[in-house]
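What follows is one structure encoded as structure tokens, with my remarks underneath.
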């Protein structure tokens, strides 16, 4: 059994890790730490886990946690992962960071968009950005896994086949994404207060959202050149889910059938990515609570643009589920282990 620890276990991605690892046949969750709730039973913070999770939350003693576990998940805000990952390297314990600290090889990009100093330039060479469907070959042997962001996951999976086959013109790419409030984390704020979010939709981070360079960098690698996008996220009055709509001009002569074939071939063997039947467009409800991504597309022949719609659960495929996919790859487990659950409908 793989012994796993979670640092930052009481946020929304942390509790999702607890839920999913609890059903993993090859993992034993040894410990979970919390800065705010150390010494309390996990079920005291999340009463839905009563009699299901018997862990007592520990202090965030990174060296000790690394020494006692085979793998450690970091569910921490950006800017807090470097010192913990350094402890993992010292203990030879692989770390999977669900934050943003290891999503960029260039610390300058991180500092520009996240507004904090990156103090881990010396350990960045040990880190790899790992979105399994795109670059799973880089996961085995990685000491620090940079788990992708939620918005980028929905966007990259929705565009990769078109960019790989050079079927679209990425200079025309516009991305509209909508997310549930759990993406903002568990800490209360006016922005995510019920009275502010309910019965309302709002755009935010126009031209400045921190996931923009991650989207551009990863799409650029797939395309083989620089890409700049217009990315606008929106906050929706729902708990979970991301729906991303990408609009991009097609190359001359490209048909909808050709694009559908690219998706079918690209994701034929992928257990978590699904192209829906023509005319059936995905809803966030259809992937709720699961590690699945659903996609569909429509060619607007009048404008010469293709419209791609992609949905994921931001806390699962967009965070904890994808992290467990990466752990499975690290340890030679079946990639679907612990993630076979179907979506919750209704």
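Could you work out [θ]222 nm for the chain from helices alone, using -39500 (n - 2.57) per DSSP H run of at least four and dividing by all its residues? Round to the nearest 500 deg cm²/dmol. Don't skip to the end; give the middle numbers.
Working: 11 runs with 96 residues, N = 346.
One gets -7500 deg cm²/dmol as the mean residue ellipticity at 222 nm.
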*Measure nothing fancy, just the Cα-based angle from helix 321-330's long axis to the longest principal axis of the chain, in degrees from 0 to 90, nearest 10.*
70
*asked:* What percent of all Cα-Cα pairs in the range 184-232 falls into each 10 Å bin, going from 0 up to the bin containing the maximum distance?
replied: 22, 35, 26, 16, 2
*Which angle from 0 to 90°, rounded to the nearest 10, does the C-alpha axis of helix 82-91 make with the longest principal axis of the chain?*
60
*Please determine, in degrees from 0 to 90 and to the nearest 10, the orientation of helix 12-21 with respect to the longest principal axis defined by the Cα atoms of the chain, where the helix direction is its Cα long axis.*
80
_Using only the Cα atoms of the range 275-319, what semi-axes does the equivalent ellipsoid have when each is the square root of 5 times a gyration tensor eigenvalue? Give whole Å, largest first._
24, 10, 6
*Quick one: what does P(r) look like for the range 237-283 with 5 Å bins over all Cα pairs, in whole %?*
4, 14, 20, 27, 19, 8, 6, 2, 0
*Where the eigenvalues come from the Cα gyration tensor of the range 151-314, what are the semi-axes √(5λ) of the equivalent ellipsoid, largest first, in whole Å?*
27, 18, 14
*For the chain, what relative contact order do you get, as a whole percent, if you take Cα pairs closer than 8 Å and at least 6 residues apart?*
17
_Over all directions, how big on average is the projection of the convex hull of the alpha-carbon atoms in the range 74-190, in square nanometres?_
9.1
*If you average the sequence gap of Cα pairs under 8 Å that are 6 or more apart and divide by the length of the range 2-129, what percent do you get for the contact order?*
22
*If you average over every viewing direction, what projected area does the convex hull of the Cα atoms of the range 2-129 give, in nm²?*
7.7
*For the range 151-314, what's the relative contact order in percent, using C-alpha pairs closer than 8 Å and at least 6 residues apart?*
31
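Rule-based calculations on the coordinates, nothing more; no lab input. Bear in mind the structure is a predicted one, so any value in this text is a computation, not a measurement.
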